[in-house]
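Here is the structure we will look at.
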Amino acid sequence: MPARLTAYLPEQAAAEFYLATGEQARVGRTPENDIVLGHPSVSRAHARLEPVAASWRLRDLGSKNGSTANGGLPTDEPLGEHAWLRFGDVTCEFRLLDDAALARARQEQGSRQHASAVHQRKLEQSRALPDLLRGTLAAVVELAGCERGFLLVMGPEGPEVRAWQGLDASVLAAPAFAGSAGAVEQALRERRAVVLNDASQDACLGARASVLAGGIRALACLPLAVGDEVLGLVYADSREPGRAITALDLALLSAFAERAALWLAARRSELQLADASRAAWPRLTPAPRGDGR
């Protein structure tokens, strides 16, 4: 029976792999493997997934950091319909798929690509800057499968919140806003997308009290940059368990953010005009030291 393996690599988007009926799949760090997990804790040839009866079983191939199935050592027993596997420090979710489920999964991938194209066409038609900012944020929240988010624009005094969804200004202005500071600071500093699945498990951000209190399950933070200049940033997160933000999602989000940055640059003059309501916008500032964040 076909199956899907979702790999939650630390500090990366989730990677999805589909296992075909009757074919073994070797797991390892290097490109010659069927399932490539690019993490230093994974051996070059780490493990093998073998079809057995109506499911699959896991075989470790003498890896340095070992493999587990549902917290225990691999055995000859089938994995069943659902199992949690671990290869070194990489946690993976194994799930059997019938033909209908496999077709739905592939259809969903196509639907996300179509949704990205639709959002791009809508924003290309935006004439007013507020519509562009709100549309960009709404697109990122939807494409990431999240519930809420905000969009920052770099102002003369630092990043300013210019649009938000699923939140209000008072929540954004609160020092304990869940998960914002660490991801935003990292994405702006490194000028790259920050994507996490179950942020409470991330070694860097998970220790922050704000993340643990907010219970973030998925997070995407995308800088809006043109060349070497960062014009702003889009943040989205989800507090409810749901689908992971995958490598495909990240590719779509990154491409969308690149286009949004170009649209934002084209309207740069509008950003430089005085706005009477600017005083009402919350600013995202680093938390004072010593507060556990």
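With no solvent and one point per C-alpha, what does the Debye sum give as log10 I(q)/I(0) for segment 3-97 at q = 0.10, 0.15 Å⁻¹?
Log10 I(q)/I(0), no solvent term: -0.21, -0.48.
Run the simple label-point estimate for Ala117 and Arg243 please: 7 Å along Cα→C-beta, distance reported in nm.
Spacing of the two 7 Å Cα→Cβ label points: 1.8 nm.
Can you give the FRET efficiency for Arg267 and Arg192, using 1/(1 + (r/R0)^6), R0 = 25 Å, r = Cβ-Cβ distance, to the nearest 0.05?
Given R0 = 25 Å and the Cβ-Cβ separation, E is 0.55.
Which three lengths, in whole Å and largest first, does segment 1-48 cover when its Cα atoms are put on their principal axes?
Projected onto its principal axes, the Cα set of segment 1-48 covers 30, 21, 14 Å.
Values in this text are rule-based calculations from the coordinates and carry no lab data. From a predicted model like this one, the values you see are computed outputs, not experimental measurements. In this analysis, Cβ positions are derived from the backbone assuming ideal geometry, glycine residues included, and neighbour counts consider all displayed protein chains.
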